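The values are calculated or read from the model by the stated rules, or taken from the named source; none is laboratory data. Being a predicted model, the structure only gives us computed values, none of them experimental. As a convention, Cβ positions derive from the backbone with ideal geometry for all residues, glycine included, and neighbour counts pool all protein chains shown. Side chains included, ligands, DNA and RNA excluded: accessible areas come from the protein's heavy atoms. Shrake-Rupley method; radii C 1.70, N 1.55, O 1.52, S 1.80 Å.
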Amino acid sequence: MNWDTSFIDTSKDFDALKSAVNIAITHGIEVSLYNFPLCSVPEPYRRLTPSTISDWKRKYLDVCETCNSRDACGGFFEWCKHSEGFGEISPL
Ligand code: SF4
């Protein structure tokens, strides 16, 4: 219910999250980025994005049909509105 005020599109701007992740890793903290579609994260950080959305509540977008990384990607929550979500999704 707080999507409008709390969602930050990391597919368009990963800088703030990148800084936080780098600081955590530098200090020996194990980092995982939950519920991030694989292509919404820059390549060096994709190893931190486990597929965490259960299959019964996961969906993929039409653009995902040709993606070679779909098996490794957690996709999107079923109720996610693409128009309000990650804006720069593209097949890997
Ligand atoms: S195109 Fe779709 S399946 Fe491929 S990484 Fe992006 S969100 Fe995941």
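Listing for the model above:
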read-out: Filter result for L33 (surrounded by 11 or more Cβ atoms within 10 Å (Cβ to Cβ) and outside any helix (DSSP H, G or I)); value: yes
read-out: Conditions (1) in a helix (DSSP H, G or I); (2) at pLDDT 95 or above; (3) within 9 Å of the ligand (Cβ to nearest atom); number of the one not met by P91; value: (1)
read-out: Single unsatisfied condition, S83 versus (1) at pLDDT 95 or above; (2) part of a helix (DSSP H, G or I); (3) closer than 17 Å to S11 by Cβ; value: (1)
read-out: Selection count, the stretch 27-45, where residues are of a type in the set (G, A, S) and within 12 Å of the chain's Cα centre (by Cα); value: 2
read-out: Single residue of the stretch 67-80 satisfying the filter (part of a loop (DSSP other than H, G, I, E, B) and open to solvent by 80 Å² or more (accessible area, probe 1.4 Å)) that is nearest to the ligand (Cβ to nearest atom); value: N68
read-out: In the stretch 52-66, the residues that are in a loop (DSSP other than H, G, I, E, B) and surrounded by fewer than 17 Cβ atoms within 10 Å (Cβ to Cβ); value: T52, S54, Y60, L61
read-out: S83 of a type in the set (S, T, N, Q) and closer than 23 Å to V21 by Cβ; value: no
read-out: Selection within the stretch 47-64 - within 10 Å of the ligand (Cβ to nearest atom) and free of Cβ contacts under 8 Å to residues at least 12 places away in the same chain; value: D62
